[in-house]
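The values are calculated or read from the model by the stated rules, or taken from the named source; none is laboratory data. Keep in mind the model is a prediction, meaning the values are calculated, not measured. Don't worry about glycine lacking a Cβ; one is built from the backbone with ideal geometry, like all the others, and counts go over all protein chains shown.
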Ligand code: ADP
């Protein structure tokens, strides 16, 4: 028996409602594929609108009790869940690799990162504060209290099947909210396993439900239209985020939106080039490029562009591509055929527009959805990949001559999630960090994600923050109580 066959023997594939594996009312299932082979990994229960309302009924039934549960108790459950996820790192990592494709070491890193949100928010659960003060006139007292927003719908993407869930579930549970998760249809297995770990950790039935669905809107629309739901938190494309904001407006829901990115990665002439190459490898190739924080446009001072491009090309050309679970693999397949074809079309478009291929440039034949790790230089401004998220292992290099030009290029996008800059000049680092329109800036580092920092974007990249001390605020209402 392989490790995965052993894991699959008792893999949860039913809906998770009210603390139980539950069959959908309509009885349907849908297949989940292994992107390394294209074969079916599992048939998963397919939720519909009636199942969604069952999950909401169970959430509403326990919402008040959960919100009034002692913060220390909520904290202890999150802490136990962190311990259990960590103890099951290998199972989660294997599952993530098999349903999403990324290389096993990357999946292990995701499990560590994803679990960390449970530990972090177990610590935040007992630090929910208000304030108390005298009004300026001296005539009254102002008390400010915080309380749970209420039943929350969390819609998650496939690129980090665990971490994008825990980054929402952690703060929501810490704040006292019940949560219904609609995981991505490509990767629902990880979230179903997490729900069972939460139950084993002592989470009461109804507080967390998981509803995989082949048709996302058939589950989410009835929830968004129900006035008992009070919040929607979403990570995914800007296109879907706009639809959800429209639906949320009808019901005046609290919203958190982590949407698309188009991160600039700036390398100035005074940068430590080897460090910049290492940072670009992380910013570009982490998760096979399938990250909203991925360096989408690598902007390099023309005085160092040849050296940087040569060194980056050497590193990217040497990457080992293969099934994520094969030892030694550094880059796995893309998540599905549509993503691989999208990346291929973006590369073809850039080359037609005048970009030069330094390495890679094409899909890899055979089973699975592989694409060669690619470096493109001299990508012209009208290439589609300059405006759109690549979401694949393709580095797009663009030259600049002045700091002003670099900042203008960096900001010439509707997105504003992450940005990176490499320089040895502290004044420049501060100046450029201030001038860049984005929610996060990495200075001389290629990865910004940190459980203790607020993750979030501006412009079309979204609303709100996840992680840090800011993350829990997204799940808390503020109340002012005036005393005479
Ligand atoms: P990606 O482009 O990364 O696949 P999507 O925005 O399409 O991102 O998907 C992110 C999540 O949003 C997934 O869970 C998906 O099922 C869900 N989703 C897609 N379309 C809708 C919709 N119309 N309403 C609600 N959720 C949706």
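Please work out if residue 151 is touching a helix residue (DSSP H, G or I) at 6+ places or on another chain (Cβ under 9 Å) and free of Cβ contacts under 8 Å to residues at least 40 places away in the same chain. No; evaluated as a whole, the condition is false for this residue. Inspect region 184-192 for any residue being within 23 Å of residue 468 (Cα to Cα) and within 14 Å of the ligand (Cβ to nearest atom) and give the result as yes or no. The answer is yes, given that some residue of region 184-192 is within 23 Å of residue 468 (Cα to Cα) and within 14 Å of the ligand (Cβ to nearest atom). When region 1-36 is filtered for residues that are assigned to a strand (DSSP E or B) and closer than 16 Å to residue 95 by Cβ, the ones remaining, listed by number, are 16, 31, 32, 33. Here residue 252 meets each of (1) within 21 Å of the chain's Cα centre (by Cα); (2) without any contact (Cβ under 8 Å) to a residue 24 or more places away in the chain; (3) more than 11 Å from the ligand (Cβ to nearest atom) with one exception, condition (1). Against the list (1) within 30 Å of residue 431 (Cα to Cα); (2) part of a loop (DSSP other than H, G, I, E, B), the condition residue 396 fails is (2). Say whether the condition of being assigned to a loop (DSSP other than H, G, I, E, B), more than 16 Å from the ligand (Cβ to nearest atom) and over 27 Å from residue 455 (Cα atoms) is met by at least one residue in region 328-335. Yes, because at least one residue in region 328-335 is assigned to a loop (DSSP other than H, G, I, E, B), more than 16 Å from the ligand (Cβ to nearest atom) and over 27 Å from residue 455 (Cα atoms).
May I ask you to verify whether residue 247 is free of Cβ contacts under 8 Å to residues at least 24 places away in the same chain and within 14 Å of the ligand (Cβ to nearest atom)? Considered against the rule, which asks whether it is free of Cβ contacts under 8 Å to residues at least 24 places away in the same chain and within 14 Å of the ligand (Cβ to nearest atom), residue 247 comes out as no.
For region 103-111, the count of residues that are surrounded by fewer than 16 Cβ atoms within 10 Å (Cβ to Cβ), assigned to a helix (DSSP H, G or I) and modelled with pLDDT of 95 or more is nonzero.
Within region 449-463, the set of residues being more than 13 Å from the chain's Cα centre (by Cα), in contact (Cβ under 8 Å) with a residue 24 or more places away in the chain and in a loop (DSSP other than H, G, I, E, B) comprises 452, 458.
Taken together, the residues in region 157-170 that are near the ligand (Cβ under 9 Å from one of its atoms) and out of contact with any strand residue (DSSP E or B) (no Cβ under 6 Å at 6 or more places or on another chain) amount to 2.
Evaluation of residue 238 against the conditions (1) more than 15 Å from the ligand (Cβ to nearest atom); (2) within 25 Å of residue 296 (Cα to Cα) shows that the sole unmet condition is (1).
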